[in-house]
Every structure is written in C-alpha cells, then in structure tokens.
1. Looking at 285, 302, can you tell me which residue is assigned to a helix (DSSP H, G or I), out of contact with any Asp or Glu (no Cβ under 9 Å at 6 or more places or on another chain) and among the acidic types (Asp, Glu)?
2. Filter region 158-213 for residues that are of a type in the set (Val, Ile, Thr), buried (at least 20 other Cβ atoms within 10 Å of the Cβ) and more than 16 Å from the ligand (Cβ to nearest atom) and give the result.
3. Tally time: how many residues in region 270-307 are loosely packed, with under 15 Cβ neighbours inside 10 Å and under 9 Å from residue 239 (Cα atoms)?
4. Those residues that are closer than 19 Å to residue 354 by Cα and either buried (at least 24 other Cβ atoms within 10 Å of the Cβ) or near the ligand (Cβ under 8 Å from one of its atoms) (or both), I need them from region 323-335; list them, please.
5. Surrounded by 14 or more Cβ atoms within 10 Å (Cβ to Cβ) and either free of Cβ contacts under 8 Å to residues at least 60 places away in the same chain or of a type outside the set (Val, Ile, Thr) (or both), is that true of residue 317?
6. Going by the structure shown, is residue 324 in contact with a strand residue (DSSP E or B) (Cβ under 9 Å, 6 or more places away or on another chain), closer than 24 Å to residue 219 by Cα and of a type in the set (Gly, Ala, Ser)?
7. How many residues are within 16 Å of the ligand (Cβ to nearest atom) and part of a loop (DSSP other than H, G, I, E, B) when one looks only at region 242-269?
8. So which of 77, 63 ends up being in contact with a Lys or Arg (Cβ under 7 Å, 6 or more places away or on another chain) and either of a type in the set (Asp, Glu) or surrounded by 14 or more Cβ atoms within 10 Å (Cβ to Cβ) (or both)?
Amino acid sequence: MKILVINCGSSSLKYQLFNMDNEEVMVKGLVERIGIDGSRLIQEKGDDKYTVEEDMKDHTEAVGHVFDALVDSENGVIKSLSEIDAVGHRFVHGGEKITKSSLIDEEVREAIEEYTKFAPLHNPANLMGLEACEKLLAGVPNVAVFDTAFHQTMPEKTFLYGIDYKYYEEDAIRKYGFHGTSHNFITNKTAEILGKDVKDLNIISCHLGNGSSITAVKNGKSYDTSMGLTPLEGLIMGTRSGDIDPAAITYIMQHKIISANDMENILNKESGVLGVSGVSSDFRDLEAAAKEGNKRAQYALDMFITRTKRYIAGYMAEIGSADAIVFTGGIGENSIDMRKEIMDGFQQFGIEIDEEKNKVRGGAHIVSKDDSKVKIMVVATNEELMIARDTKSIVEA
Ligand code: ADP
C-alpha cells in the first residue's frame with residue numbers, strides 16, 4: 001500500500017510518499033512560496049534532488065506539481081497516480097469534535113471550519129491541500145490527522161482556564177494542546193522500546209523544536225500539555241512568548257497603542273528566544289552567541305532551560321509516577337548541552353543523566369544512568385510516519 005502524506009502551510013507544502021509494506025519513504029519534497037513570486041518544488045529521492053521552479057498561484061497548482069514530480073519519468077518513483085492508495089493530511093485544529101484521525105466526511109469538514117477561528121492560518125491551508133487532492137485524485141480516500149486529537153483525553157482540571165466558565169461553554173475557550181501526532185508517536189515508540197503495554201505507560205514527552213511543547217502522558221493518554229487554546233502557551237519558543245502574565249499584554253497594548261491583531265503577531269513572531277536575545281530563533285545560533293559572551297542569548301537559553309524543568313517536574317507530580325522523560329524535536333534530539341542542563345537539578349529525585357550516553361543525536365536511546373529512578377531517553381519523532389500509519393489503518397478498516 002502506498003500512502004502520500006501532505007502537510008500544507010499557508011504558503012508551503014511538505015510531502016512524503018510511503019511504501020507501507022515496509023514503511024519506507026520512497027520520496028519526499030517541499031513546495032515553497034505558493035502564491036508568491038518564485039515558487040519552487042524540491043523533491044528528494046535518496047541523495048538525488050529534483051527542483052522545479054515555476055509559479056504556483058495556489059495549493060491546487062502546487063499539488064498538481066507534486067503529482068507531476070511523483071510520476072516524472074526520470075525523477076519520480078511511481079508510474080501512475082493510480083498507485084497512490086490513500087492520502088493522509090495533517091490538520092492543526094479539530095477542537096473538541098475530533099478525538100482521533102478520521103476519514104474526511106461532512107462532520108470532519110464542519111469541525112475543521114468551526115475551529116478555524118483558533119487556527120486561522122493553518123486550518124484553511126490544510127483544507128486547500130485536501131481540496132486539491134479531492135480534485136486531482138478523485139476516488140482516492142483522504143484521511144485527516146489532527147494535532148489536537150491526541151490531547152482530547154485531558155481532564156477538565158488540566159484543560160480549563162481560570163476564567164468564567166461561560167467562556168468555555170459559549171466560546172469553547174480551553175486548552176487544546178498541539179504536537180499531538182508527535183507526542184502520540186513518542187508514546188508508542190517509547191512503549192515499544194521499554195517493552196511495555198502502552199496502556200501502562202507514563203511518560204513526560206518533551207517535543208523541543210522551533211515550536212516546543214511538553215505532554216504528561218498517563219496510561220498512554222495525554223493528561224496535560226503545555227500548549228493551550230493555540231500553540232502560543234507554555235514553553236518559551238523560537239519566536240513565541242510562551243507563558244506570560246496576561247496583564248503584561250494588555251499593558252503593552254494600551255501603552256504602545258497596539259491592536260489585538262498586531263499584538264498576536266508580536267507574541268507569535270517577534271517574541272520567544274528571538275525577542276529576548278535579539279540574535280536568532282535558532283538554538284545553534286544562540287549557543288554560539290552565548291559562548292562568545294552575549295548576555296541576552298544566555299538569558300534566552302537559561303529561560304528555556306528553566307521553564308522546561310518547571311514543566312517536567314510539575315507534570316511528574318501530576319501523573320504520580322513516570323517511566324521516562326523523553327526528548328524529541330530538533331533541540332531535544334540534537335542538543336546534548338540542552339538535555340544535560342534541563343536534567344540538572346533532578347538528581348535530588350534520584351534521576352540522573354549519563355553524560356557519556358547522552359552524547360547522541362536522533363535515533364532512540366536511553367541516556368540516563370542505570371540506577372536512575374526514571375529513565376531519560378532521546379527518541380527521534382516522525383510525525384509523517386504516524387500520519388501514514390493512521391491513514392493506513394483507517395483506510396483498511
Ligand atoms: P520545527 O518546530 O520547525 O519542526 P525542529 O523540530 O526542526 O523545528 O527544531 C528546530 C530547532 O532545532 C532549531 O531551533 C534548531 O536550532 C534546533 N537544533 C537543530 N539541531 C541542533 C543542534 N545540533 N543543537 C542545538 N539545536 C539544534
């Protein structure tokens with residue numbers, strides 16, 4: 001069975017074609033600058049790169065180019081589009097209506113439209129990708145996999161905000177959580193590595209990347225997570241503020257005369273470690289600047305470390321006992337220093353990283369000392385594979 005996974009952003013589209021007989025990635029690619037001058041598609045097959053530079057005015061045109069590249073006689077990997085058995089689409093926000101990956105139907109479509117209010121950039125872009133596939137690949141089933149779905153098991157005590165309950169009842173204001181596909185993948189993969197039934201697994205899943213979130217997983221299910229109504233809450237991120245006193249926001253808006261829209265933009269795009277450091281949103285740049293003595297870069301890194309500790313420790317207390325603290329995402333998988341510094345201070349609970357074992361990037365490793373009370377692990381995430389697996393099981397059912 002061959003499954004195409006599509007992840008549409010507002011002006012980009014990422015794709016991977018899987019052969020699900022062995023879960024191999026046959027080809028993957030990226031389309032950039034959709035609807036902007038200079039659109040281009042870059043497809044990678046092993047070490048071979050194939051580039052198409054042609055204007056693509058919308059996602060339908062972009063998907064058309066993806067299909068052409070897949071069947072291209074020299075650079076493609078399939079002879080005909082009829083070899084694609086199903087398409088899995090990444091969707092960001094399914095709100096309370098969507099609790100699992102779903103075959104696209106009227107109900108799913110309504111949920112996507114309803115929750116566009118909380119994901120105004122993402123849900124419409126995701127929908128464009130879906131509509132292009134429906135048009136160009138008629139008869140092939142489409143499955144939607146939602147970032148929010150995994151977190152729909154959170155109880156009221158962790159998902160409600162401390163505001164008048166009417167805002168939840170009337171406007172659906174609550175914590176939804178994101179990166180669910182990644183946290184779900186990490187949960188299943190960790191259970192497999194530890195040889196445990198996922199239903200008995202308790203972990204703290206730390207997805208640390210450009211966007212970062214931490215999830216407390218209890219009995220294999222999301223119990224609490226650091227992102228909220230939108231991906232702005234929680235840890236300090238590349239360009240997102242994370243947790244902040246709401247009064248700081250209203251103060252800035254009133255005193256600098258900033259509109260709600262502009263403020264949202266500032267909090268999403270000009271804040272986080274970029275805003276604090278003034279250097280970069282990329283942790284490699286920050287680590288380099290801090291080493292050269294840049295104080296603000298050091299503050300940004302220290303803030304990231306401090307908040308990550310705070311969430312890990314808090315979530316461990318919430319779930320009662322943890323089998324493992326698992327690091328994933330660009331930073332979690334690659335930054336040896338960040339992992340070491342985040343885990344510093346946990347020795348008092350009998351939890352200790354092994355500095356030698358910690359010298360790894362990606363893959364799947366236990367990096368704690370043998371006698372550590374809770375294992376510390378590095379597990380590379382694979383959201384696309386998770387989407388392909390869900391798509392396969394739904395289509396087969
Ligand atoms: P996204 O959220 O966009 O998927 P990623 O999970 O790819 O992001 O993470 C990107 C982040 O990972 C960047 O901030 C980058 O600095 C960081 N990163 C990647 N490699 C390293 C490394 N070797 N050391 C420190 N940070 C790294």
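1. Details: 302 fails: out of contact with any Asp or Glu (no Cβ under 9 Å at 6 or more places or on another chain).
Going through 285, 302 in turn, the sole match is 285.
2. Keep residues of region 158-213 that are of a type in the set (Val, Ile, Thr), which gives 158, 163, 173, 181, 186-187, 190, 193, 198, 203-204.
Those still in the list that are buried (at least 20 other Cβ atoms within 10 Å of the Cβ) too: 181, 186-187, 190, 203-204.
Those that are of a type in the set (Val, Ile, Thr), buried (at least 20 other Cβ atoms within 10 Å of the Cβ) and more than 16 Å from the ligand (Cβ to nearest atom): 187, 190, 203, 204.
3. Counting residues in region 270-307 that are loosely packed, with under 15 Cβ neighbours inside 10 Å and under 9 Å from residue 239 (Cα atoms) gives 1.
4. 324, 325, 326, 327, 328, 331, 332, 333, 334, 335
5. Working: surrounded by 14 or more Cβ atoms within 10 Å (Cβ to Cβ): no; either free of Cβ contacts under 8 Å to residues at least 60 places away in the same chain or of a type outside the set (Val, Ile, Thr) (or both): yes.
Here the answer is no, as residue 317 does not meet what is asked.
6. Working: in contact with a strand residue (DSSP E or B) (Cβ under 9 Å, 6 or more places away or on another chain): yes; closer than 24 Å to residue 219 by Cα: yes; of a type in the set (Gly, Ala, Ser): yes.
Taking the combined requirement at face value, the residue satisfies it.
7. Taking region 242-269 as the starting set, the residues that turn out to be within 16 Å of the ligand (Cβ to nearest atom) are 242, 268-269.
In the following step, the residues that additionally are part of a loop (DSSP other than H, G, I, E, B) were identified as 242.
Summing the residues that are within 16 Å of the ligand (Cβ to nearest atom) and part of a loop (DSSP other than H, G, I, E, B) in region 242-269 gives 1.
8. Numbers: 63 fails: in contact with a Lys or Arg (Cβ under 7 Å, 6 or more places away or on another chain).
The match here is 77.
The values are calculated or read from the model by the stated rules, or taken from the named source; none is laboratory data. Every value quoted in this text rests on a predicted model; they were computed, and no experiment measured them. Note that we place each Cβ from the backbone using ideal geometry, even for glycine, and neighbour counts take in every protein chain shown.
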